[in-house]
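Encoded as structure tokens, the structure appears first; notes follow it.
The values are calculated or read from the model by the stated rules, or taken from the named source; none is laboratory data. None of these values were measured; they are calculated from a predicted model. Cβ: placed from backbone, ideal geometry, glycine included. Neighbour counts: every protein chain shown. The protein model used for the area step is the full one, side chains on, heavy atoms only, and it has no ligands, DNA or RNA in it. Shrake-Rupley method; radii C 1.70, N 1.55, O 1.52, S 1.80 Å.
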Amino acid sequence: MAGSFFKGRFLSLFDYKTEKYIIAKNKKVGVLYRLIQLSIIGYIIGWVFVSKKGYQETDTAIQSSVVTKLKGVSVTNTSESGRLVWGPEDYVIPPQGEAVLFVVTNFLETPNQKLGYCAESPKVLDGHCRDDEDCEEEKMVIAGNGIKSGRCLRKDENSTGTCEIYGWCPIERKFKPRKPLLLNAENFTIYIKNFILFPKFQFSKSNVLETSDDSFLKKCRFDEQLYPYCPIFRLGDITRRAGYNFQDMATFGGSIGILIEWDCDLDKGYSNCNPHYHFTRLDVSNNSISTGFNFRHTRYFKNAAGETYRSLFKVYGVRFNIMVHGKAGMFSIIPTAINVGSGLALMGAGAFFCDMVLLYLMKKSNSYRERKFEGPK
Amino acid sequence: MAGSFFKGRFLSLFDYKTEKYIIAKNKKVGVLYRLIQLSIIGYIIGWVFVSKKGYQETDTAIQSSVVTKLKGVSVTNTSESGRLVWGPEDYVIPPQGEAVLFVVTNFLETPNQKLGYCAESPKVLDGHCRDDEDCEEEKMVIAGNGIKSGRCLRKDENSTGTCEIYGWCPIERKFKPRKPLLLNAENFTIYIKNFILFPKFQFSKSNVLETSDDSFLKKCRFDEQLYPYCPIFRLGDITRRAGYNFQDMATFGGSIGILIEWDCDLDKGYSNCNPHYHFTRLDVSNNSISTGFNFRHTRYFKNAAGETYRSLFKVYGVRFNIMVHGKAGMFSIIPTAINVGSGLALMGAGAFFCDMVLLYLMKKSNSYRERKFEGPK
Amino acid sequence: MAGSFFKGRFLSLFDYKTEKYIIAKNKKVGVLYRLIQLSIIGYIIGWVFVSKKGYQETDTAIQSSVVTKLKGVSVTNTSESGRLVWGPEDYVIPPQGEAVLFVVTNFLETPNQKLGYCAESPKVLDGHCRDDEDCEEEKMVIAGNGIKSGRCLRKDENSTGTCEIYGWCPIERKFKPRKPLLLNAENFTIYIKNFILFPKFQFSKSNVLETSDDSFLKKCRFDEQLYPYCPIFRLGDITRRAGYNFQDMATFGGSIGILIEWDCDLDKGYSNCNPHYHFTRLDVSNNSISTGFNFRHTRYFKNAAGETYRSLFKVYGVRFNIMVHGKAGMFSIIPTAINVGSGLALMGAGAFFCDMVLLYLMKKSNSYRERKFEGPK
């Protein structure tokens, strides 16, 4: 009789009497039955509600502001530049405290460059020449430093020389860094202020301790357990956490990513929404490290006669890239209703699937079939 | 007879005859029935199709280009710097019109710094000393300005002094800003050009009026009602819209987020895809404002003898961070089909749920049960 | 009899015997039946599994580091600046190899500006005057270059003049660019190093060929077919790929977006995860190009007497904005199970939908109805 069909279907998930009968008749079918039941309920409760927090409305459009400030000073002594003191205003490029910043750890200064004529660097392939015809006048040197003057400068008639160019002379000398000149860079500290706002919930927080003790931020260092709200890091500690040695990175330069993650369950209250810091080296590909990171910048001067001259700096260093990710969740009736609804839908489909399997795929399912469509006598 | 089961199930959502019978027999069941029906239909039509626009294909991978340009000029008169005129080339850092920019509103210049020996700032804890042994030679001052020379400079024998350092001298003096020096900064205007592209639909638009009237953009100011396509904002208006006073922010510095939102329904046509501007203060955490925003930068000079000296600027100001979010939707047959399909699936599951509730959870459901499985006589 | 209902329902998707009977009795119903079956199976296999790769876990939180380096040199010769050689340290702003960079292609230098008194530019509307009363002392010129001194400078009594201002004099002259001064900018090359990391799979890769041949990267040029791992582009090629002429863009300036897309199927192995480059012009709105891109920056000097003077540069150029998108997928049992489950649920719902259509919407469905609920005799 038809009524029992429906009952059977419903019972297939909840009525233990029927199940006991099935299990008594056919143990394999019973076990499968239970497994399917458990997996569906487990999926809905475990995955949708506990793991994915399906009862919460989420906001992933985090708005974030990052301000960085470095402290520390280093002294270098080179033949070109003399004895120099480097403060944050010099070694942080750009200096305005942005989320992407470069810290100079090594450099080569070429002081007092003037526009004039000199030999192209032998490193530039297109600047090589055997005679003046190789150096066509007014032609640029490809990937070079100036414009050819038409003369080939050689030591003697048989050697390969380099074209004379019009450019900033003297040309930068060859430089193979051996160790970082700013020895103290490892001990520089970076203070990362991060403010976040989840606009949907009007929730804002900062990664800095809200304290009235001014001197705390002057002395503290970050420690996940002790001082999670003191976002002041030694540069050497950052590279160590990323798995690399600072002195190695500092010689040729590199790139470090600092990921600040805010995964906030706002149902648990303000104090449970904490930032987590992750450090990774970014210039690594398939476990091989790239050949470094450097660029050139200049300082222009004018002498008393109004003539321009400049200092060219080739700087090596570590680039820090601070990225902020985050999402916040809060209980809301709409996603709860939708997830309960689609959970029940899946449950219905699961029961339907159980029936299909038991009716048609299991050979010895006759006893189930009878039971299913006749109901317990 | 089995045929009626199916009919009943189908009728449970659409056939009013059966429902009338149910309602006549059991009013509570009838009301629940109707409520479930309405909520499912309401969910599909209201939520999936009207609110979430389930019939549209969406593109959230907005490509955006932001160009900013500031106008305005201010005059300052300080004892260190004399009378200075500040144009955008000076007070916008960096000057290249990026989406993240800093506007100087307050500053302290320390002109004519040279490398040499002088006393460390008393603000630096590690620079305090009682005698020369506290100032170990060649050691860096932690969070200080130079390298210790080995001498402790004191007024008299009993007082606490500061170590002599080798660094850029004179050291920057103490500075507690009282009011912004660039008084006129409030009246500076920022012109925000924003171009967007939704690559999936090849749809591009700008937030600037497409006009042939060149003088319009020279005079207009943004107004949501009157001039939504004139993206020129007074800085003072931006902070006011964010809920803060410009002069307060300008003294110590701060951070403002400008969010441009493009939420475009391309089915409604080109002219209905408009930007919306939101302004929030970003350096606020749990309603308490951080202690400001400043950084230092330098200008290097050389004298006739080739010696380097510099001006150190400590600048306070407001950082503007322009963020562009957006999504576009356009009718497409695939998401429509998928949503109709899963809507019908949910409808089936809903009917199944109704049956379960009515058959087993309601005690007085006998009349429904009979009706359900026998059909109307 | 009830058992056959279930059989019928199940058969409606898989049993060809029943279907043959239906098709024999009613061809239209049979065709609809097949179409619905096919579309559901097609949706699940084609859309969910093949097109959307529903069996994979995906990671869209790509972490990326972009380093850029330009090469090339250009010579300009102007009356104000004389003969200048431009290297990357000059024409790339900022010079530190970031993902957003500006390449100078055209410029106007205003050398030797000093603070003093001179006439406001006639371009500034607020600087126009008819007599001294129009130039109120100590008032800023709106969108101008300085502070009014109180005098109106006119050629003769009847003409309109401009207010005298205190500011950086001389004022920048009018400049209507005709062609780019850095003629060679088209041949500059940009080397884009991009490192990516998918944190969920700990998969990192770079867009640069992993080779021991150092000279390869000195000579190669990007080619999608031949050298996909040589990310060195001629600037002229980039604009050509974006659909625009470099010389046109270079005169007034513009903005180019370079999108690097990593769409990686990690089941296919390391070597199948390749970057794809897309080039678009970003300052285009509804097919009309904006009026260019320029900004001003300064270089400050001091003369022997300690007086400050400066060079003001108005630079035009192309801004390159390198964006990295990406997602990676890898087989995982959880999404596979979820998608198979919801696929089956949809299949059940589809069968239910078929039944509804066939039972109630088709008029001549009596034969089906009998067949459905009685089963084949």
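At a glance:
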| item | result |
| --- | --- |
| Count of residues meeting criterion [open to solvent by less than 30 Å² (accessible area, probe 1.4 Å) and within 14 Å of another protein chain (Cβ to nearest Cβ)] in the stretch A:173-182 | 1 |
| Test: residue in the stretch A:331-344 that is outside any helix (DSSP H, G or I), open to solvent by less than 50 Å² (accessible area, probe 1.4 Å), at pLDDT 80 or above and not hydrophobic (A, V, I, L, M, F, W, C) | yes |
| Flag if B:GLY341 is more than 14 Å from chain C (Cβ to nearest Cβ) and either touching a helix residue (DSSP H, G or I) at 6+ places or on another chain (Cβ under 7 Å) or in contact (Cβ under 8 Å) with a residue 40 or more places away in the chain (or both) | no |
| Filter result (open to solvent by less than 40 Å² (accessible area, probe 1.4 Å) and either farther than 23 Å from A:LEU235 by Cα or assigned to a strand (DSSP E or B) (or both)) within the stretch A:281-302 | A:ARG281, A:VAL284, A:SER285, A:ASN294, A:PHE295, A:HIS297, A:THR298, A:TYR300, A:PHE301, A:LYS302 |
| Positions within the stretch C:150-159 being part of a loop (DSSP other than H, G, I, E, B) and open to solvent by 50 Å² or more (accessible area, probe 1.4 Å), in sequence order | C:ARG154, C:LYS155, C:ASP156, C:GLU157, C:ASN158 |
| Matching residues, the stretch A:47-71, being at the interface with chain B (Cβ under 7 Å from one of its Cβ atoms) and in contact with an Asp or Glu (Cβ under 9 Å, 6 or more places away or on another chain) | A:SER65, A:VAL67 |
| Considering residues of the stretch C:309-342 that are in contact with a Ser or Thr (Cβ under 8 Å, 6 or more places away or on another chain) and hydroxyl-bearing (Ser, Thr, Tyr) only, the residue farthest from A:SER39 (Cα to Cα) | C:SER311 |
| Qualifying residue in the stretch A:82-94 (condition: among the small types (Gly, Ala, Ser) and out of contact with any Leu (no Cβ under 9 Å at 6 or more places or on another chain)) | no |
| Per-region count, the stretch A:275-322, residues more than 21 Å from A:LYS174 (Cβ to Cβ), more than 7 Å from every other protein chain (Cβ to nearest Cβ) and of a type in the set (A, V, I, L, M, F, W, C) | 6 |
| Within the stretch A:183-206, tally of residues that are open to solvent by less than 50 Å² (accessible area, probe 1.4 Å), over 18 Å from A:ILE256 (Cβ atoms) and more than 8 Å from chain B (Cβ to nearest Cβ) | 4 |
| Cβ pairs under 6 Å, 6+ apart, first in the stretch A:293-307 and at negative phi, second among the small types (Gly, Ala, Ser) and open to solvent by 30 Å² or more (accessible area, probe 1.4 Å) | A:ALA304/B:ALA304; A:ALA304/C:ALA304 |
| Which listed residue, of C:SER74, C:SER39, C:SER65, is open to solvent by less than 20 Å² (accessible area, probe 1.4 Å) and more than 26 Å from the chain's Cα centre (by Cα) | C:SER74 |
| Subset of the stretch A:243-280 [open to solvent by 30 Å² or more (accessible area, probe 1.4 Å) and assigned to a strand (DSSP E or B)] | A:GLU261, A:ASP263, A:HIS276, A:HIS278, A:THR280 |
| Checking B:CYS230 against (1) open to solvent by 10 Å² or more (accessible area, probe 1.4 Å); (2) free of Cβ contacts under 8 Å to residues at least 40 places away in the same chain; (3) in contact with a Cys (Cβ under 7 Å, 6 or more places away or on another chain), the condition it does not meet | (1) |
| Of the criteria (1) closer than 27 Å to B:ILE93 by Cα; (2) under 18 Å from the mean Cα position of the chain (by Cα), which one C:ILE196 fails | (1) |
| Positions within the stretch C:251-274 being within 14 Å of chain B (Cβ to nearest Cβ) and more than 27 Å from C:PHE175 (Cβ to Cβ), in sequence order | C:GLY257, C:ILE258, C:LEU259, C:ILE260, C:GLU261, C:TRP262, C:ASP263 |
| Residue among B:GLU137, B:GLU120 that alone is within 14 Å of chain A (Cβ to nearest Cβ), touching a Ser or Thr at 6+ places or on another chain (Cβ under 9 Å), open to solvent by less than 10 Å² (accessible area, probe 1.4 Å) and of a type in the set (Asp, Glu) | B:GLU120 |
| Wholly within the stretch C:39-141, strands (runs of 3 or more DSSP E) carrying at least 2 residues that are of a type in the set (Asp, Glu) | C:56-59 |
| Residue check, A:LYS69 in contact with a helix residue (DSSP H, G or I) (Cβ under 9 Å, 6 or more places away or on another chain) and modelled with pLDDT under 90 | no |
| Residue identified as part of a loop (DSSP other than H, G, I, E, B) and of a type outside the set (Gly, Ala, Ser) among B:ILE190, B:ILE147, B:ILE171 | B:ILE171 |
| Residue pairs meeting the criteria (Cβ under 8 Å; at least 6 apart or on separate chains; first over 10 Å from C:TYR117 (Cβ atoms), in the stretch C:141-155; second of a type in the set (S, T, N, Q) and assigned to a loop (DSSP other than H, G, I, E, B)) | C:GLY144/C:SER121; C:ASN145/C:SER121; C:ARG154/C:THR160 |
| Qualifying residue in the stretch A:231-240 (condition: modelled with pLDDT under 90, more than 9 Å from chain C (Cβ to nearest Cβ) and under 30 Å from C:TYR270 (Cα atoms)) | no |
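Matching residues to (1) open to solvent by less than 20 Å² (accessible area, probe 1.4 Å); (2) under 30 Å from B:GLU98 (Cα atoms); (3) touching a helix residue (DSSP H, G or I) at 6+ places or on another chain (Cβ under 8 Å); (4) without any contact (Cβ under 8 Å) to a residue 40 or more places away in the chain:
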site	(1), (2), (3), (4)
A:ARG83	no, no, no, yes
A:GLN96	yes, yes, no, yes
A:VAL104	yes, yes, yes, no
A:GLN113	yes, no, no, no
A:ASP132	no, no, no, yes
A:GLY161	yes, no, no, no
